[in-house]
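> My questions will all concern the structure given below.
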Amino acid sequence: MGRLTNARIGVLMGGRSSERDISLKTGQAVHQALIRQGYDAVAIDVTDRLHRDLEDQKVAIAFLSLHGPGGEDGTIQGFLETLGIPYTGSGVRASAVGMHKAATKMLLAAHGVPLPAGTVVRECDRSSLAKVLKQTKLKLPIVVKPVSQGSTIGVTIVRRRTQWKEALALAHRYDPEAMVESYIPGHEAAVSILGTTAEGPTVLPAIEIVAPDGFYDFSAKYQKGKTQYLCPAPFPPKVMRHISELARRTYEALECEGAARVDFRITSRGRPYVLEINTVPGMTETSLLPMAAAQVGIAYDVLVERILQSALDRANRFAQVVPKE
């Protein structure tokens, strides 16, 4: 099978978010995969001279390996659209909604997707824990996290009242809005979705994540060997079908494209709750998307090509809206 395109591909990575180091690992792995398959690919660390770098390198297609704010929140997507450069993954709107957890919840609630109860606490509100618990009817433990962040950065499970102020301050360090949600005891799981075909997106096998101390935090995600991954997840068939369907509904509700990952908490009785969607899933050696794809025989390099196809589909749409001279 030949290459999907002869155009020069710029793998955009790094950036300035708190997930920069992970983005660099993702980008380097993707770049190497493209080179192995004979693509004309260049690695670009995103800085304030990105426009010049894209011009100097004569980039025709962008493969997005950026994580966090500035990379998966619609910002870079909008920038590339103004330049007419097609890119991988979801578009501006889906990216912006997917990155903002509160916006995601509002949209999914309208589609009947089960979600943890919660609210948003703004930095200027200075809300007390007692006030928040009374308004939301939540009980400890609760989860406090930035509204727009990834990789579990700035997240705290508040089990004691004395943890509230510090947890809120940590979340507000990364975002002026903090999400406060009920803590769902049980299992952690992730379901990845790949591409859009004529038959619809492909839902990959669910992965159960067994983290140390039951908290899948930053170190548990990225320090090799710390966390156990069970793929396919050992849930009953009914639960597996349910979370696969919820992942698909989430992906389609946001109108995502390319690859995405939906994260869940599942109670001991098998009731799932959607936590969030990641529209630029990690592609490092410990990332969940490549792990799930491998389970159904999709090798890493093939996975990269499948994601690249989303940019080529977008290029075709760009060409259709450009008026002919």
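> So, in the stretch 106-126, how many residues would count as being surrounded by 13 or more Cβ atoms within 10 Å (Cβ to Cβ) and touching a residue at least 40 places away in the same chain (Cβ under 8 Å)?
So the count comes out to 13.
> Exactly one of (1) over 23 Å from the mean Cα position of the chain (by Cα); (2) among the β-branched types (Val, Ile, Thr); (3) under 30 Å from Leu230 (Cβ atoms) is unmet by Val180. Its number?
(1)
> Enumerate the helices (runs of 4 or more DSSP H) found wholly within the stretch 203-302, keeping only those where 3 or more residues are surrounded by fewer than 20 Cβ atoms within 10 Å (Cβ to Cβ), of a type outside the set (Val, Ile, Thr) and at pLDDT 95 or above.
237-253, 288-295
> If you don't mind, there's one more thing I want to ask. Could you say which residue among Asp48, Asp40, Asp21 is in contact (Cβ under 8 Å) with a residue 24 or more places away in the chain and not polar (S, T, N, Q)? Don't jump to the end; show me each part of the working.
Values: Asp48 fails: in contact (Cβ under 8 Å) with a residue 24 or more places away in the chain; Asp21 fails: in contact (Cβ under 8 Å) with a residue 24 or more places away in the chain.
Among Asp48, Asp40, Asp21, only Asp40 is in contact (Cβ under 8 Å) with a residue 24 or more places away in the chain and not polar (S, T, N, Q).
Listed here are the residues, each with its yes/no results for (1) within 18 Å of Leu80 (Cα to Cα); (2) in contact with a His (Cβ under 7 Å, 6 or more places away or on another chain); (3) of a type in the set (D, E, K, R).
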| site | (1), (2), (3) |
| --- | --- |
| Asn6 | no, no, no |
| Gly14 | yes, no, no |
| Glu19 | no, yes, yes |
| Val30 | no, no, no |
| Asp53 | yes, no, yes |
| Lys58 | yes, no, yes |
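> Pull out all pairs, ordered by first then second residue, where Cβ-Cβ is under 8 Å, the residues are six or more apart or on different chains, the first lies in the stretch 277-293 and is without any contact (Cβ under 8 Å) to a residue 40 or more places away in the chain, and the second is among the aliphatic types (A, V, I, L, M).
Going by the 8 Å Cβ cut-off, the qualifying pairs are Pro290/Met283; Pro290/Leu303.
> Among what's in the stretch 159-197 and is assigned to a loop (DSSP other than H, G, I, E, B) and touching an Asp or Glu at 6+ places or on another chain (Cβ under 9 Å), pick the residue that is surrounded by the most Cβ atoms within 10 Å (Cβ to Cβ).
Per the stated criteria, the residue is Asp175.
> With respect to the numbered conditions (1) out of contact with any Asp or Glu (no Cβ under 7 Å at 6 or more places or on another chain); (2) among the hydrophobic types (A, V, I, L, M, F, W, C); (3) farther than 30 Å from Ala7 by Cβ, which one is the sole condition not fulfilled by Ile85?
The failed condition is (3).
> A follow-up question, please. Out of the stretch 128-151, which residues are among the hydroxyl-bearing types (Ser, Thr, Tyr), part of a loop (DSSP other than H, G, I, E, B) and in contact (Cβ under 8 Å) with a residue 40 or more places away in the chain? First the steps, then the outcome.
Keep residues of the stretch 128-151 that are among the hydroxyl-bearing types (Ser, Thr, Tyr), which gives 128, 136, 148, 151.
Checking which are part of a loop (DSSP other than H, G, I, E, B) leaves us with 128, 148, 151.
Matches in the stretch 128-151: Ser148, Ser151.
The values are calculated or read from the model by the stated rules, or taken from the named source; none is laboratory data. Remember, it's a predicted structure, so these values are computed and weren't measured experimentally. Cβ coordinates were reconstructed from backbone atoms using ideal geometry, including for glycine residues, and neighbour counts include every protein chain displayed.
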